C-alpha cells in the first residue's frame with residue numbers, strides 16, 4: 001500500500017480538480033503541477049494571462065514561482081508540500097510534438113516514416129542511445145494518446161521521449177529515476193527534445209529504498225535499487241496518488257525497465273486502472289520470469305501479446321508486452337507473437353533489428 005501525502009483538499013485525480021469545497025480549483029494542463037482558481041476556467045496553457053485573475057492566478061509558471069503550496073493556501077497554489085518540490089519535476093508544458101529517437105523526423109515521399117535503432121539519436125546525450133530500441137518499439141505498438149504512463153527507470157530519457165510522442169506530448173508521462181548521477185542529463189535531454197514528461201527524482205512507493213552498486217560510473221544502464229537498511233539514508237520517494245494528482249489522471253500504462261524491479265511494483269500493476277505493461281525481462285533470469293512472474297501477471301488479468309529478444313544482446317534477455325483483455329480465441333494466431341510480427345512488417349523493419357520470438 002502506498003503512502004500518500006495529505007494535500008490541501010486535492011480531490012480524485014480523474015476529476016482534474018483541487019482546492020477545497022469552499023474555494024474550488026482546477027489542476028494545470030499539460031501535466032503542470034499547479035492549482036488555479038475555478039474562475040480561470042482552465043489552468044495554464046495559451047492565453048492564461050487573459051483569463052479572470054490574470055497571470056498570477058491562471059498561469060502555471062507564475063504559480064510555481066510564487067511557492068504558495070496547497071497545504072497552506074487556497075488556489076492559486078502548488079498541489080505539493082514545499083519539501084517535495086525538488087523530488088517532483090513537472091512537465092515543462094511544451095507546445096507541439098517532441099523529438100523522439102528510433103524513427104525519422106519526417107515522412108518519406110511515400111508518406112511513411114523510417115524506423116531504426118540510431119535514427120533521431122543525435123540530439124540525445126547518452127552513452128548508447130540505441131540500447132533502448134526494443135522498448136521504443138513496444139511503446140509505439142501499445143501506448144495510445146489517451147494513456148497516462150508511469151515509467152520505472154528513465155535513466156537518460158530516450159524512452160521517456162518516445163512515451164511523450166506516443167501520448168501526444170500531453171504531459172501524462174511520469175518517469176522515475178532514482179540515481180542522482182543521471183538526473184542532470186535526463187532533464188537536459190527532455191528539455192532539449194521538448195518532451196513533456198514529469199520526473200520523479202527518487203522512487204515511487206512506501207518502502208524506503210537505496211541505490212545498489214553506487215560505485216559504478218553513472219553512464220551505465222544497470223543501476224538498481226534495494227530496500228534501505230535500518231538507519232541508512234534512503235532515496236527521496238513520493239506516493240502514487242500524489243503524482244497522479246499532479247498530472248490529473250490515473251496511471252493506465254506501466255513501463256518497467258529498472259533492472260529486475262518487477263517484484264517491487266506488482267502492487268501498482270494490481271490496480272484496475274493499469275491496463276498495459278511494458279516489461280524489460282532482465283536481472284532476474286529467464287527461468288524466474290517464466291516460472292514465477294508470468295503466472296503472477298496472468299493471475300491479475302494480464303495477457304502477453306508481445307515477446308521479442310533484445311536486439312543488442314540477443315539470448316541475454318527478452319522484452320514483453322502485456323494487456324488486460326480477453327484471451328485469444330481458440331485456434332487463432334499466437335497472441336505472444338502476432339502483434340510483434342505485424343508491427344515489424346508494417347514498418348518494414350528488418351528481422352535482425354526486431355527479433356520477434358515464436
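The values are calculated or read from the model by the stated rules, or taken from the named source; none is laboratory data. These figures come from a predicted structure and were not determined experimentally. Cβ sites come from the backbone with ideal geometry, for glycine too, and all protein chains shown count toward neighbours.
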Subject >> Of all residues making up the stretch 167-182, the number that are touching a residue at least 40 places away in the same chain (Cβ under 8 Å), surrounded by fewer than 24 Cβ atoms within 10 Å (Cβ to Cβ) and out of contact with any strand residue (DSSP E or B) (no Cβ under 7 Å at 6 or more places or on another chain) >> reply: 3
Subject >> Selection count where residues are out of contact with any helix residue (DSSP H, G or I) (no Cβ under 8 Å at 6 or more places or on another chain) and modelled with pLDDT of 90 or more, scope the stretch 245-264 >> reply: 1
**OP:** Would you please list the contacts, defined by Cβ atoms under 6 Å and residues six or more apart or on different chains, that run from a residue in the stretch 250-274 that is assigned by TED's automatic domain parsing to the domain that holds residue 295 to a residue that is in a strand (DSSP E or B) and surrounded by fewer than 20 Cβ atoms within 10 Å (Cβ to Cβ)?
**Re:** 259/224
**OP:** Could you list all residues from the stretch 251-272 that are part of a loop (DSSP other than H, G, I, E, B) and buried (at least 17 other Cβ atoms within 10 Å of the Cβ)?
**Re:** 251, 252, 257, 258, 259, 260, 261
Subject >> Given (1) modelled with pLDDT of 95 or more; (2) surrounded by fewer than 24 Cβ atoms within 10 Å (Cβ to Cβ), index of the condition residue 159 fails >> reply: (2)
**OP:** Name the one entry in 150, 163 that is in the same structural domain as residue 304 (by TED's automatic domain parsing), touching a strand residue (DSSP E or B) at 6+ places or on another chain (Cβ under 9 Å) and assigned to a helix (DSSP H, G or I).
**Re:** 163
Original post:
Here are 100, 141: which of them is in contact with a helix residue (DSSP H, G or I) (Cβ under 6 Å, 6 or more places away or on another chain) and surrounded by fewer than 24 Cβ atoms within 10 Å (Cβ to Cβ)?
Top reply: 141
**OP:** Exactly one condition in (1) modelled with pLDDT of 85 or more; (2) assigned by TED's automatic domain parsing to the domain that holds residue 41; (3) crowded, with 18+ Cβ neighbours inside 10 Å is not met by residue 78; state its number.
**Re:** (1)
